[in-house]
1. Quick check on packing: order 45-55, 140-150 by the mean number of other C-beta atoms within 10 Å, highest mean leading.
2. More than 21 angstrom separation, counting every C-alpha pair in the chain; what % is that?
3. Under the definition of Cα pairs under 8 Å and six or more residues apart, what whole-number percent is the relative contact order of the range 8-156?
4. If amide hydrogens are placed 1.01 Å from N in the peptide plane, which non-local residues have theirs closer than 5 Å to the one on Asp75?
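Derivation of every value follows stated rules applied to the coordinates shown; laboratory data play no part. Remember, it's a predicted structure, so these values are computed and weren't measured experimentally. In this analysis, Cβ positions are derived from the backbone assuming ideal geometry, glycine residues included, and neighbour counts consider all displayed protein chains.
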Amino acid sequence: MTRPSGRNRVSVRQELHPAPLSGKILKEQVLAALERLPAESADVRIRVVGDAAIARSNRDFLGRDRPTNVISFPDEPLPSAPGARVAGDIVVSAPTCLEQTRDWREPPEARVFFFILHGILHLAGYDHESGGVQARRMRRKELQLYRRVLAAQRQDDGEGHP
């Protein structure tokens, strides 16, 4: 996996007990993704929660009274061009993410990382809400980063296949 340059900070806090995921693996995956983004630096704080907690955040901040997979909260106005600082909080519901990806062959951390990556791209200024070109651009970047990070992780783990 890509070695962090020190310009990116990531924290992972799991509010579910026992913690359902390896915080170390999630942090490594997030750092590897941030190294592949054109951003001057990043400070990303991730909270892994359950459905009730994310439903409260979704209701309180977005007016949607239901659980969701991930919500991002930028520290600053979103960048209008690649290369700016990426900073904010990401709240992710492990149960929702795992349910939505139950047919995937990837380990739980990789499945939840997919949604964290979605939140990171929002913090980096990507948007899919308006649809069209912007949504396709975000989806391409999301899949590209996801595949690259997992391929690098497999290679580092000695599996040697993407």
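1. Most protected by this proxy first, the peptides run 45-55, 140-150.
2. Beyond 21 Å sits 44 percent of the P(r) for the chain.
3. The value is 24 percent.
4. Here Ala87, Gly88, Asp89 satisfy the definition.
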